[in-house]
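All of the numbers you see were taken from the coordinates with simple rules; none came from a lab. Just so it is clear, the structure is predicted and the values come from calculations on it, not from any experiment. Methodologically, a virtual Cβ is constructed for each residue, glycine included, from the backbone with ideal geometry; neighbour enumeration extends over all protein chains shown.
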Amino acid sequence: MNDWITPGWPAPSNVKAVFTTRQGGISSGPYASLNLGDHVGDEPSTVKQNRALLRRILPGEPRWLKQVHGTLSVRIDGDDCTAPCNADAAFTQRAGNVCAVLVADCLPILLCDHGGTIVGVIHAGWRGLAGGVIERTVSEIGQIDCRGDIKTHIMAWLGPAIGPHHFEVGEEVRQAFVECDKESAIAFMPHQAHRGKWFADLFLLARQRLTKAGVAEIYGGGECTFSDPARFFSYRRDGNTGRMAGLIWLTDELS
């Protein structure tokens, strides 16, 4: 567990967050060792034990989502929000509720406000980014804040994801971004060996989207899951593999 990542950002003291690595669990083979995904072919009992190990540092069971590479964001403040739902982002104002996303190359984005009153998490693959999952989540967080434009109070942290030297995409992916925002073209570099292919920078694309959504404070980014097999699962690298988690929650009081 010492290998897990604590975000380096100036979040309030009652905002707690962690990004797990592949270390610290009991899974074997391509899922070794801390696979938290229950949909990737690992033994269900093993995944349950891995999640129990994670649960030791959390105030409650994470609100796991059924991620579909879409743009839906859900508020998990209610007591009836324990069942997984189809969504790719979650947020809460309630202490003890743990927002979580699973990743293995897609970008986990953590969000919080300066007052320590709200936290959220986004699963940002290229489809979600292009579709507007960041903009939708930031907007929905803003709608429940009483201070007006909460976007000026939000900060974001970008976790590990597939890096710009390894994320190969086709022309259709580039066009999906450029057609909406010409400035996103700088996030794509042509593949020298394969005509019509590009290398995409998820970190830069997310920063562009966050900035346009009004989020000025953006931290993290740059740790590549593909190039570090000892620490990270990577679907693009290995195909059959496990999943890591980005998690964030509030405690009761500022210290």
Study note, to complete from the structure: Using alpha carbon positions and the Kirkwood radius, the Rg to Rh ratio of the chain is 0.95
Review point. How much length is gained if the chain between Ala230 and Lys48 is pulled fully straight, taking 0.36 nm per residue apart and subtracting their Cα-Cα distance, in nm to one decimal?
Key: 63.3 nm
Exercise for review: Would you mind ranking His153, His69, His165 by Cβ crowding within 10 Å, fewest neighbours first?
Suggested key: His165, His69, His153
Check your understanding: Which part of segment 42-56 falls in the paramagnetic zone of Asp238, meaning amide N under 12 Å from the point 7 Å along Cα-to-beta-carbon?
Key -> 42
Check your understanding: Residue farthest toward the positive end of the dipole of the chain, with Cβ of Lys/Arg at +1 and Asp/Glu at -1: which of Val133, Phe188, Phe177?
Key -> Phe188
Point to revise | Hits among lysines - C-alpha to C-alpha of Lys212 under 30 Å, sequence gap 8 or more where chains match | key: Lys16, Lys66, Lys151, Lys182, Lys197
Review point. Simple spin-label model, 7 Å along Cα-to-Cβ: Ser28 to Lys212 in nm?
Key: 4.9
Study note, to complete from the structure: Taking the chain and counting helices only, DSSP H stretches of n ≥ 4 at -39,500 (n - 2.57) each over all residues, the nearest-500 ellipticity at 222 nm comes to -5500 deg cm²/dmol
Practice item. Calculate the length of the line joining the C-alpha centroid of segment 83-146 to that of segment 218-255, in whole Å. Key: 15
